[in-house]
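J.: Next up is a structure, given as structure tokens.
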Amino acid sequence: MILLKKATEVTELVTTGRLHGKSIGFVPTMGALHEGHLSLIARAKAETNLVICSIFVNPAQFNDASDLKWYPRPIENDIAMLTNAGCDALFIPEVEDIYPDGLDQLTVFELGHLETFLEGASRPGHFQGVANVVNRLLSITTPDFMYLGQKDFQQVKVLERLLTITGSPTRIVICPILREKSGLAMSSRNIRLTPEQLSFASVIYASLQFAQTNYRQFTPEQLKTICIDKMESAGAARVDYLEFCDTDSFFPVEDWPDAEHIVAVTAVLVGKVRLLDNMMLK
Ligand code: AMP
């Protein structure tokens, strides 16, 4: 696997690849890789000829300084995992390479309600930070396909909007959520959970499964109350939000027939660790 530290090195690799008729697959990450990330690499490898992964812990998307400070950065292990996975190139930029004009010169994208709803409401500025870093990474890597996890459902909606706004030719491929045996969605933040918290956190998956199986018997409001109670009853978790949204518009539904496809999205605090998950209901 080729290690790239400068944007110019990436441009060179991509230009040469294109000259040889290669299609480019791009997997943006913040590192601390797990099987979920590797599933994106595997999908990119299956569908494109040159797979570039990036690892960049993006300061612009952290609204909590301690979350940024404590974000895991096991770079040697990440490099070994990507090498084993057959990734072609890893881009590890410095902050100055991504934000040459400084972190206070972000572009403001028109993200509509996505910016202030659910994850956006809990993390002001977060999605502008995400849109900025991905916009910059796309301008460097110019991929045919960008592979994203459904795990961060609202982020996918934001990045779909970004590509529309910028008129980018890159297409998004959404990959399924990889889970631990317990059902807990794999996440770089899981290693911050104690063993007790880790086993308790499977209640998130159990609640989403309950919602998926039983939603027709309840109104969205009733189901929300039941699921939040399930997750909070043992006192080890606090639900930041649970919402049932139209997968297209990402507005909450008032009733099940309101949308063709509905996703249950949730953010749950287990101790100090904020965990995201979602599941399609219909
Ligand atoms: P992150 O490093 O957390 O920014 O994630 C990088 C990419 O991996 C994003 O597109 C995530 O949605 C995706 N991802 C994270 N966790 C999982 C998972 N459990 N299954 C599938 N994809 C995931």
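J.: Evaluate the distance, in nm, between pseudo-label points positioned 7 Å from the Cα of Ser23 and of Asp246 along their respective Cα→Cβ axes.
T.: 3.2
J.: Now for a different question. Taking K and R as +1 and D and E as -1, what net charge do the other residues with C-beta under 14 Å from the C-beta of Val95 add up to?
T.: Computed value for this residue: -1.
J.: What is the set of long-range amide H partners of Leu275 at a cut-off below 5 Å, with H atoms built 1.01 Å from backbone N?
T.: Val268, Leu269, Val270
J.: State the dimensionless ratio Rg/Rh of the chain (Rg: radius of gyration of Cα atoms; Rh: Kirkwood radius).
T.: 0.97
J.: Continuing with the same structure: With Cβ to Cβ distances under 15 Å as the rule, what net charge do the other residues near Leu198 carry (K, R +1; D, E -1)?
T.: +3
J.: Quick one: what do you get for segment 1-133 if you divide its Cα Rg by 2.2 N^0.38 Å?
T.: Expressed relative to 2.2 N^0.38 Å, the Cα Rg reads 1.13.
J.: Which GluC sites (Glu not before Pro) from segment 54-161 combine a DSSP loop assignment with at most 13 other Cβ atoms within 10 Å?
T.: Counting only loop positions with at most 13 other Cβ atoms within 10 Å, the GluC sites (Glu not before Pro) in segment 54-161 are Glu94, Glu110.
J.: Here are some pairs, Lys69/Lys224; Lys6/Lys181; Lys22/Lys69; Lys69/Lys151; which of them have Cα atoms lying more than 29 Å apart in this structure?
T.: Lys69/Lys224; Lys6/Lys181; Lys22/Lys69
J.: Just flag the chymotrypsin sites (Phe, Trp or Tyr not before Pro) in segment 55-143 sitting in loop per DSSP whose Cβ has no more than 14 other Cβ atoms within 10 Å.
T.: In loop regions of segment 55-143 (DSSP not H, G, I, E or B), there are no sparsely surrounded chymotrypsin sites (Phe, Trp or Tyr not before Pro).
J.: Let me ask something additional. Where does the chain land at 222 nm, in deg cm²/dmol rounded to the nearest 500, when only DSSP H runs of n ≥ 4 count, each adding -39500 (n - 2.57), divided by all residues?
T.: -12000 deg cm²/dmol
J.: Here's a follow-up. Pull out the extension gain between Arg171 and Leu68, defined as 0.36 nm times the separation in residues minus the alpha carbon to alpha carbon distance; nm, one decimal.
T.: Between Arg171 and Leu68, full extension yields an extra 34.2 nm.
J.: A follow-up question, please. Quick one: net charge of Ile177's neighbours, Cβ under 10 Å, K/R +1, D/E -1?
T.: Around Ile177, the surrounding residues sum to 0.
J.: Which whole-number percentage describes the relative contact order of the chain, with Cα contacts under 8 Å and a sequence gap of 6 or more?
T.: Taking the mean separation of contacting Cα pairs over the length of the chain, I get 17 percent.
J.: Peptides 41-53, 250-262, 175-187: what's the order by average Cβ count within 10 Å, highest mean first?
T.: Highest to lowest by the protection proxy: 41-53, 175-187, 250-262.
J.: Something else now. Order by neighbour count: Leu159, Leu19, fewest other Cβ atoms within 10 Å first, most last.
T.: Sorted ascending by nearby Cβ count, the order is Leu19, Leu159.
Read-outs: derived from the displayed coordinates by stated rules, not from any lab. Quantities reported herein were computed from a predicted structural model and do not represent experimental measurements. Ideal geometry is used to build each Cβ from the backbone, glycine not excepted, and the neighbour counts take in all protein chains shown.
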